[in-house]
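Working notes, beginning with the structure itself.
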Amino acid sequence: KDFRNNVKPNWCPGCGDFSVQAAIQRAAANVGIVPEELAVVSGIGCSGRISGYINSYGFHGIHGRALPIAQGVKMANRDLTVIASGGDGDGFAIGMGHTIHSIRRNIDVTYIVMDNQIYGLTKGQTSPRSEMGFKTKSTPAGSIESALGVMELAISAGAGFVAQSFSSDLKELTSIIEQGINHKGFSLINVFSPCVTFNKINTYDWFKENLTSLSTIEGYDPSNRSQAMNTLMEYNGLVTGLIYQDKEKPSYESLVKGFKEEPLAKQDIALDQGQFDKLLTEFM
Ligand code: SF4
């Protein structure tokens, strides 16, 4: 079984999101799961369509709310591999509160953000990831707000897995997603995924010129939190690879008292009121 379905994506030719779709499909196959063991939950935006393009359980949610839905799916059935996905506007503007609280809650969900530094679906407005001076229809004189340093923010908020990749490097992107899936806890993967239609600044060529792979930095150690922060600041966040991982950070699921061996979704739900109350008590 593979993770392809027969739905043809309606992304613009050349959109970076095609590679993210392919990388998720490859990573899922590489970690040895089958389609009925994967759930992909997405928000709103061009990238949000991805949940319909993968042969798995899919849920196309509402703007900025992929994470609470994904966490609910995982808590109901932790046998599933759960991927949440969306764009930088979705996850780092309206959904930023959920992103931060997913980091501190640490439920085992892999969050893949397709970061194109612009709002694509609404035809090109400045996003939280657009650089200062960036000109769009919403900022014709250039943005006077600075871009959000999301990787630095995630590490300082206590994230246990923070990585970044580029749509043009399918091999690395696939490997990073595999590592995110295998990480026990919340993993944040930011993918530079160019919008070829509306962002004429942050193009494939621009990223190729400006990104540095962490594999080329001698002595880089992803378990070293201070080194991760310093490197992000030194390279203005423009690095790719596994930035930081704390393998010892306990996941939310591992700390819940009374979590039964069998996932909730597989338990008999024909409960009378007394049994329901007892179940609630067990979870409190
Ligand atoms: Fe991709 Fe941009 Fe087209 Fe949306 S508008 S599908 S982000 S290239």
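Listed here are the residues, each with its yes/no results for (1) over 22 Å from SER226 (Cβ atoms); (2) away from the ligand (no atom under 16 Å from the Cβ); (3) of a type in the set (Asp, Glu).
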residue: PRO128; (1), (2), (3): yes, no, no
residue: GLY142; (1), (2), (3): yes, yes, no
residue: GLU145; (1), (2), (3): yes, yes, yes
residue: ALA157; (1), (2), (3): no, yes, no
residue: PHE161; (1), (2), (3): no, yes, no
residue: GLN164; (1), (2), (3): no, yes, no
residue: SER175; (1), (2), (3): yes, yes, no
residue: ASN182; (1), (2), (3): yes, yes, no
residue: PHE186; (1), (2), (3): no, yes, no
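Please list, ordered by residue number, the helices (runs of 4 or more DSSP H) wholly in segment 148-260 having 1 or more residues that are out of contact with any Pro (no Cβ under 9 Å at 6 or more places or on another chain) and surrounded by 14 or more Cβ atoms within 10 Å (Cβ to Cβ). Lay out the reasoning, then the answer.
Values: elements: 150-156, 170-182, 204-210, 225-234, 252-255.
Passing ranges, in order: 150-156, 170-182, 225-234, 252-255.
Considering only segment 188-198, state which residues are under 15 Å from ALA27 (Cβ atoms) and more than 15 Å from the ligand (Cβ to nearest atom). Walk me through it before giving the result.
Quick first cut of segment 188-198, residues under 15 Å from ALA27 (Cβ atoms) only: 189, 191.
Hit for segment 188-198 is ILE189, nothing else.
Would you point out the residue of segment 130-140, among those that are of a type in the set (Gly, Ala, Ser) and surrounded by fewer than 22 Cβ atoms within 10 Å (Cβ to Cβ), that is nearest to the ligand (Cβ to nearest atom)?
Ranking the candidates gives SER138 first.
Regarding THR122, is this residue of a type in the set (Val, Ile, Thr), more than 12 Å from the ligand (Cβ to nearest atom) and either part of a loop (DSSP other than H, G, I, E, B) or closer than 18 Å to TRP206 by Cα (or both)? I'd like the intermediate steps shown before the answer.
On the way: of a type in the set (Val, Ile, Thr): yes; more than 12 Å from the ligand (Cβ to nearest atom): no; either part of a loop (DSSP other than H, G, I, E, B) or closer than 18 Å to TRP206 by Cα (or both): yes.
It is false that THR122 is of a type in the set (Val, Ile, Thr), more than 12 Å from the ligand (Cβ to nearest atom) and either part of a loop (DSSP other than H, G, I, E, B) or closer than 18 Å to TRP206 by Cα (or both).
Just to be sure I understand, how many residues within segment 99-119 are in a loop (DSSP other than H, G, I, E, B) and out of contact with any strand residue (DSSP E or B) (no Cβ under 6 Å at 6 or more places or on another chain)?
Total satisfying the criteria: 5.
Give the residue, chosen from VAL34, VAL41, VAL7, that is surrounded by 23 or more Cβ atoms within 10 Å (Cβ to Cβ) and at negative phi.
Working: VAL34 fails: surrounded by 23 or more Cβ atoms within 10 Å (Cβ to Cβ); VAL7 fails: surrounded by 23 or more Cβ atoms within 10 Å (Cβ to Cβ).
Every option except VAL41 fails the conditions.
Conditions first: (1) within 16 Å of the ligand (Cβ to nearest atom); (2) free of Cβ contacts under 8 Å to residues at least 24 places away in the same chain; (3) not in a loop (DSSP other than H, G, I, E, B). GLU36 passes all but one, so which condition is the exception?
Only one criterion in (1) within 16 Å of the ligand (Cβ to nearest atom); (2) free of Cβ contacts under 8 Å to residues at least 24 places away in the same chain; (3) not in a loop (DSSP other than H, G, I, E, B) is unmet by GLU36, namely (1).
Mind telling me which of the residues ILE83, ILE62 ends up being touching a residue at least 24 places away in the same chain (Cβ under 8 Å) and away from the ligand (no atom under 16 Å from the Cβ)? So that I can check it myself, show each step before the final result.
Values: ILE62 fails: touching a residue at least 24 places away in the same chain (Cβ under 8 Å).
That would be ILE83, the only listed residue that is touching a residue at least 24 places away in the same chain (Cβ under 8 Å) and away from the ligand (no atom under 16 Å from the Cβ).
Looking at segment 10-31, which of its residues are surrounded by fewer than 21 Cβ atoms within 10 Å (Cβ to Cβ) and either in a strand (DSSP E or B) or touching a Pro at 6+ places or on another chain (Cβ under 9 Å) (or both)?
Listed by number, the residues that qualify are GLY14, PHE18.
Within segment 108-125, can one find any residue that is touching a Leu at 6+ places or on another chain (Cβ under 9 Å) and of a type in the set (Gly, Ala, Ser)?
Just the residues of segment 108-125 that are touching a Leu at 6+ places or on another chain (Cβ under 9 Å), to begin with: 109-113.
Narrowing the set further to residues that are of a type in the set (Gly, Ala, Ser) leaves none.
No.
Output yes when any residue across segment 104-119 is out of contact with any helix residue (DSSP H, G or I) (no Cβ under 8 Å at 6 or more places or on another chain) and either more than 14 Å from the ligand (Cβ to nearest atom) or within 22 Å of SER187 (Cα to Cα) (or both), and no when none is.
yes
How about segment 39-54: which of its residues are part of a helix (DSSP H, G or I) and within 13 Å of the ligand (Cβ to nearest atom)? Can you show your working first?
Let us first name the residues in segment 39-54 that are part of a helix (DSSP H, G or I), namely 47-52.
Correct list: SER47, GLY48, ARG49, ILE50.
Just so you know, all these numbers are worked out from the coordinates, no wet-lab data involved. It should be emphasised that the depicted structure is a prediction, and the values quoted were computed from it without experimental measurement. As a convention, Cβ positions derive from the backbone with ideal geometry for all residues, glycine included, and neighbour counts pool all protein chains shown.
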